[in-house]
Amino acid sequence: MSEHRFDLKAEWTGGLDGTGRIQAGNLDASISVPNQLDGPGIGTNPEELLLGAAATCYLITLGMLIKRQGITSLELKSQIYVENTPAMKVNRIIHRPYISVPAHTLPDQLDKISRAAYRAEQACMISKALKGNVEVTVEPEIRSELE
């Protein structure tokens, strides 16, 4: 087993109303506190980045799992819920994958695809890192394509 390292460089100027920049691999983004949390809302923010990490990890894991069932593309909508109190807290993340399947998909294949939607959340390394701190749920929708 090998360990991989990923590096990030960050800069920040100011306080709650400040701005900054992060750079990591292909990521290069301005950062600030979001408008909803009384910041300037410039660039991205920790809430979006956490949601992005959780969503991309889940999406990639699900893609690997359902490819075995012949599904090669899917869509995902995810939400993060943050409690804005003096001790701010991320309460939950909800992933809503939309999986289109051929009209001739058999019931046992549909069951495998549905189970994969839930299993992907359990297998995703970001979900594992959040476990015990943030509730992560999955609400899949499996749609049959017209032939």
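The values are calculated or read from the model by the stated rules, or taken from the named source; none is laboratory data. Small disclaimer: the values here were computed from a predicted structure and weren't measured. Side chains included, ligands, DNA and RNA excluded: accessible areas come from the protein's heavy atoms. Shrake-Rupley method; radii C 1.70, N 1.55, O 1.52, S 1.80 Å.
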Practice prompt. Pick out which of LEU49, LEU27, LEU106 has the largest mean-square fluctuation in a Gaussian network model of the chain, springs linking Cα atoms closer than 10 Å.
Written response: LEU27
Worksheet item: Using a Gaussian network for the chain with springs between C-alpha atoms less than 10 Å apart, which of these wobbles most: GLU83, GLU121, GLU135?
Response: GLU83
Practice prompt. Divide by every residue of the chain the summed helix terms, -39500 (n - 2.57) for each DSSP H run of at least 4, and state the resulting mean residue ellipticity at 222 nm, rounded to the nearest 500 deg cm²/dmol.
Written response: -10000 deg cm²/dmol
Fill in: Distance between the range 8-48 and the range 120-143 - C-alpha centres, whole angstrom
25 Å
Practice prompt. Note down the relative contact order for the range 1-72 as a percent, whole number, built from C-alpha pairs under 8 angstrom at least six residues apart.
Written response: 17 percent
Response to the item:
Here the convex hull volume per residue of the range 27-108, taken over Cα atoms and given in Å³, is 121 Å³
Discussion item. Taking the solvent-accessible surface of protein heavy atoms with a 1.4 Å probe, what is the per residue accessible area of the range 1-83 in Å²?
Written reply: 68 Å²
Discussion item. Over the chain, with a Gaussian network built from C-alpha contacts below 10 Å, which listed residue (ALA120, ALA55, ALA87) shows the highest mean-square fluctuation?
Written reply: ALA87
Response to the item:
Sorted by accessible surface (1.4 Å probe, heavy atoms of the protein chains only), largest first, ILE93, ILE142 come out as ILE142, ILE93
Worksheet item: ILE126: accessible area at probe 1.4 Å, nearest 10 Å²?
Response: 40 Å²
Worksheet item: For q = 0.08, 0.15, 0.20 Å⁻¹, what log10 I(q)/I(0) does the chain give under the Debye formula with an equal point scatterer on each alpha carbon and no solvent?
Response: -0.30, -0.87, -1.20
Worksheet item: Quick one: ranking GLU75, GLU47 by accessible area, 1.4 Å probe, largest first, what do you get?
Response: GLU75, GLU47
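Share of antiparallel DSSP beta bridges in the range 12-147, in percent to the nearest 5?
Counting only bridges with both partners in the range 12-147, antiparallel ones make up about 65 percent.
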Worksheet, complete the sentence: For the range 1-75, the Cα-Cα pair-distance distribution in 5 Å bins from 0, as whole percents, is 3, 13, 17, 17, 15, 13, 10, 7, 4, 1, 0
Item to complete: Would you check the accessible area of HIS95, probe 1.4 Å, heavy atoms only, in square angstrom rounded to 10?
Response: 0 Å²
Worksheet item: What pairs from LYS67/LYS131; LYS9/LYS112; LYS77/LYS112 go past 32 Å between their alpha carbons?
Response: LYS9/LYS112
Worksheet item: Using a probe of 1.4 angstrom, how much of the accessible area of the range 1-129 is carbon and sulfur, in percent?
Response: 54 percent
